[in-house]
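Bear in mind that the values in this text are calculations on the coordinates, not laboratory data. On a predicted model such as this, the values are computed, not experimentally measured, just so you know. Glycine gets a Cβ as well: all are built from the backbone with ideal geometry, and neighbour counts include every protein chain shown.
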Amino acid sequence: MPELPEVETVRRGLLPALEGATLVEATARAPKLRFPIPADFSTRLTGNRIERLTRRSKYILMECTDGLIVILHLGMSGRVTIHDGTNAPEVYGKHDHVVLRTDRGATIIYNDARRFGLLVFSDRDTVQDHPLIRDIGPEPLGNAFNTDVLKAGLMGRKSSIKAALLDQKLVAGLGNIYVCEALWRAGIHPSRQALSLSTAEVETLTPIIRQVLTDAIEAGGSTLKDYVQASGELGYFQHSFRAYGREGEACLREGCGGTVERIVQQGRSSFYCGTCQN
DNA sequence: CGGCCAACCTGTGCGC
DNA sequence: TGCGCACAGGTTGGCC
């Protein structure tokens with residue numbers, strides 16, 4: 001479910017509760033998500049202080065005082081809720097898999113019905129070489145992502161542009177929704193062969209990818225409440241998509257008049273306008 | 001190696 | 001109300 005903007009919104013929502021806080025409890029209520037939860041999960045984290053909360057692609061990294069780094073991924077259905085001392089649930093939900101409590105009185109719950117998410121340990125000296133992290137491409141909002149890099153990444157690719165942009169080695173953090181949205185904004189058909197994009201099209205697409213993600217992060221940020229006072233679910237926000245999920249509806253591009261269509265590529269839905277995306 | 005699909009899981013919504 | 005099916009925003013192992 002969550003792509004880069006949702007993960008970033010979760011991270012920002014957790015910041016006031018977790019950064020600089022010491023964990024007074026860490027409980028794994030399920031033996032495994034996508035991978036087994038470390039056997040020493042509780043002992044390694046209890047009493048540990050979270051120095052920094054960062055993000056790499058769709059991964060949230062909790063960097064602890066002793067060098068431990070907790071790598072968290074939300075998979076398709078991972079959800080994070082944050083509660084203050086007054087409203088922490090008395091009964092856990094069926095899929096509440098991980099519970100953290102801080103010395104500031106906050107309770108953080110990770111819930112993941114499908115368990116495609118993951119929580120594993122790494123450490124500050126080797127996290128860059130961690131198998132989950134090391135092959136990820138440039139952050140789309142960072143300087144390392146630009147027209148030249150994207151152009152080079154698409155060069156020689158016989159797959160569709162849709163598949164190419166979903167490849168986390170090419171660029172980090174894009175998922176099904178934001179690839180559809182970026183291609184719609186750029187007026188590029190998702191079935192186009194990646195290698196067929198002209199330099200001009202790549203120059204159009206590159207800033208659009210950044211803008212689509214930036215807009216979504218902004219939309220997410222506006223939903224973040226003051227979680228010192230309130231509590232709730234982080235990272236899921238009402239966001240109006242221009243193409244995604246709009247099969248059969250009118251294209252929203254000014255003056256287009258086309259209709260949004262759905263096709264399946266590599267087993268995943270692509271939404272696009274048959275008229276203005278070529 | 002590139003590209004594609006099935007598999008990992010559970011929940012939800014829809015047609016009958 | 002129940003049943004069966006399609007589908008869901010991610011990732012990867014295995015196969016051609």
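If you go through region A:134-150 one residue at a time, how many are touching a helix residue (DSSP H, G or I) at 6+ places or on another chain (Cβ under 9 Å) and more than 17 Å from A:Thr204 (Cα to Cα)?
4
If I filter region A:127-156 down to residues being under 17 Å from A:Thr199 (Cβ atoms) and aliphatic (A, V, I, L, M), which single residue comes out as surrounded by the most Cβ atoms within 10 Å (Cβ to Cβ)?
The extreme case among them is A:Leu150.
Taking region A:17-45 as the region of interest, how many residues are under 19 Å from A:Tyr59 (Cα atoms), without any contact (Cβ under 8 Å) to a residue 60 or more places away in the chain and either in a strand (DSSP E or B) or among the polar types (S, T, N, Q) (or both)?
Matching residues across region A:17-45 total 1.
Scan region A:249-266 for residues that are polar (S, T, N, Q) and more than 16 Å from DNA strand C (Cβ to nearest atom) and jot them down.
If the condition is that a residue be polar (S, T, N, Q) and more than 16 Å from DNA strand C (Cβ to nearest atom), then A:Thr259 is the only one that fits.
Could you tell me whether any residue of region A:50-69 is within 16 Å of DNA strand B (Cβ to nearest atom) and assigned to a strand (DSSP E or B)?
For region A:50-69, residues within 16 Å of DNA strand B (Cβ to nearest atom) and assigned to a strand (DSSP E or B): absent.
If A:Gly220 passes every condition in (1) within 29 Å of A:Val80 (Cβ to Cβ); (2) assigned to a loop (DSSP other than H, G, I, E, B) but one, which one does it miss?
Only one criterion is unmet by A:Gly220, namely (2).
Could you list all residues from region A:60-92 that are of a type in the set (Ser, Thr, Tyr), surrounded by 13 or more Cβ atoms within 10 Å (Cβ to Cβ) and touching an Asp or Glu at 6+ places or on another chain (Cβ under 9 Å)?
Passing the criteria: A:Ser77, A:Thr81.
Conditions: (1) of a type outside the set (Gly, Ala, Ser); (2) closer than 22 Å to A:Val171 by Cα; (3) outside any loop (DSSP other than H, G, I, E, B). A:Leu14 meets all but one. Number of the miss?
(2)
Give the residues of region A:252-278 that are surrounded by fewer than 17 Cβ atoms within 10 Å (Cβ to Cβ), assigned to a strand (DSSP E or B) and more than 16 Å from DNA strand B (Cβ to nearest atom), sorted by residue number.
Answer for region A:252-278, where residues must be surrounded by fewer than 17 Cβ atoms within 10 Å (Cβ to Cβ), assigned to a strand (DSSP E or B) and more than 16 Å from DNA strand B (Cβ to nearest atom): just A:Thr259.
Here is a list of conditions, (1) away from DNA strand B (no atom under 12 Å from the Cβ); (2) farther than 17 Å from A:Phe241 by Cβ; (3) surrounded by fewer than 23 Cβ atoms within 10 Å (Cβ to Cβ), and A:Ser159 meets all of them except one; can you say which number that is?
So A:Ser159 meets the others, but not (1).
Is there any pair with a first residue in region A:161-175 that is touching a residue at least 24 places away in the same chain (Cβ under 8 Å) and at positive phi and a second that is among the acidic types (Asp, Glu) and within 11 Å of DNA strand C (Cβ to nearest atom) whose Cβ atoms are under 9 Å apart and which are 6 or more apart or on different chains, and what are they?
Listed pairs, sorted by first residue: A:Gly173/A:Glu3.
Answer yes or no as to whether A:Leu119 is part of a strand (DSSP E or B) and over 23 Å from the mean Cα position of the chain (by Cα).
Answer is no for this residue.
Residue by residue, here is whether (1) within 11 Å of DNA strand C (Cβ to nearest atom); (2) closer than 17 Å to A:Ser57 by Cα holds:
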residue	(1), (2)
A:Ile109	no, no
A:Ala113	yes, no
A:Gln128	no, yes
A:Ile133	yes, yes
A:Pro138	no, yes
A:Asn146	no, yes
A:Met155	no, no
A:Ala164	no, yes
A:Asp167	yes, yes
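Out of everything in region A:70-85 that is touching a helix residue (DSSP H, G or I) at 6+ places or on another chain (Cβ under 7 Å) and part of a strand (DSSP E or B), what residue ends up being farthest from DNA strand C (Cβ to nearest atom)?
Restricting to residues being touching a helix residue (DSSP H, G or I) at 6+ places or on another chain (Cβ under 7 Å) and part of a strand (DSSP E or B), the top hit is A:Ile82.
Would you check if A:Ile217 is out of contact with any Cys (no Cβ under 6 Å at 6 or more places or on another chain), under 22 Å from A:Gln266 (Cα atoms) and buried (at least 17 other Cβ atoms within 10 Å of the Cβ)?
No.
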